[in-house]
Amino acid sequence: MFLYRYGTATLAIMATLAATAPSSHAQQSAWRPERTVEIVVPAATGGSIDGTARLIQRVLQVNRIVDVPVVAVNKAGGGGNIATHYLDQHAGDGHFLLTSTMSLMTNHILGRSATTYNDYTPLATLFSEHMTLVVKPDSPLKTARDIQDRLKKDPQSLSIAIGVAVGATNHLTVALLMKAMGIDVRKLKTVVLQTNAQTLTSIMGGHVDIASLSAGAAITNAQQGRLRIIAVTSEKRGEGAMAAIPTWKEQGVDVVFANVRLLVGPKGMTPAQIAYWDAAMSKVVATEDWKKEVERNEATPDYTGSRDSAQRMARLYGQLKSALVDAGLTKE
């Protein structure tokens, strides 16, 4: 279960996980890729969503799950719209996949995109990840209270890096936290950056005061002394290296939130194409390489295949819309 909660408002994102072993239909399907498969990435190289695509690419190839070449194709820009426009050009073609975050939904809710998850073919929900706010190691900001006190006096006094687009996952994380602290989200000084690498450079160089990052990206760089984590949006402390990172709830900010990673194909894919990718992705998530990488990135392994993912995405869309309205980023 994934929760977003602050004050008395609660958002629960629940999914019933089903076994996703390859079906006899998938194994007997007449369709299989006949040429290079493209995994489209709605961001530049070096970011976490790019890493997800390249992990899928590597596991598919190394384990010979597919018989044709698989490449990751970066289509950065437009808050993800350039990538989805590219996918739109290949309707019904199972050789094209798109890795995405919940921005596939939030862009539509915010009016930045004419298309959303149900304009494509839902193939999988891959995993979920909790989020953090980070600062440079010697920042005077130590706790949630430090941030709250500064921003209540002057919402423009701190610059905050929010990822690839306003309203995307990183920004939603910031918005939920700030709203819970009683700070007007619309008055914040936010900075849009396209990759984790740019965010890290900006934090370490003192060009921004705070950044929103996934827990996996944050803990890796914190261990290398590049940044310090204020808190994580999980219900309770994690294990291993994350055991030392406090939750926002511990610091008096009642917010629990997780980002969900998605895999979709173009609109109009055939049942045989969907069955093929169901079988292939169920093999991907069963490999040790996948499991170790998900664990290394402090993510929650909660894979669901195409049928359950379509239902899960429908619920998630409605819940994200409520969260964005509550956070003051859009209207009903």
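The values are calculated or read from the model by the stated rules, or taken from the named source; none is laboratory data. Since the model is a prediction, treat every value here as computed from it, not as a measurement. Backbone-built Cβ (ideal geometry, glycine too); neighbour counts: all protein chains shown. The protein model used for the area step is the full one, side chains on, heavy atoms only, and it has no ligands, DNA or RNA in it. Shrake-Rupley method; radii C 1.70, N 1.55, O 1.52, S 1.80 Å.
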key: Between helix 48-62 and the chain: long-axis angle, C-alpha atoms, 0 to 90°, nearest 10   = 30
inquiry  = Testing the spin-label approximation: label points 7 Å from Cα along Cα→Cβ at LYS152 and LYS187. State their distance in nm.
reply    = 1.3
inquiry  = Please report, in whole Å³, the volume per residue of the convex hull around the C-alpha atoms of the stretch 23-172.
reply    = 151
note = Asserting the computed 222 nm helical MRE of the chain (DSSP H runs at least 4 long, -39500 (n - 2.57) per run, divided by residue count, to nearest 500) equals -11000 deg cm²/dmol
Cut-off 13 Å (backbone N to label point 7 Å along Cα→Cβ of ILE82), residues of the stretch 49-65 = none
note = Excluding ligands, DNA and RNA, the carbon-plus-sulfur percentage of the accessible area of the stretch 109-218 with a 1.4 Å probe reads 47
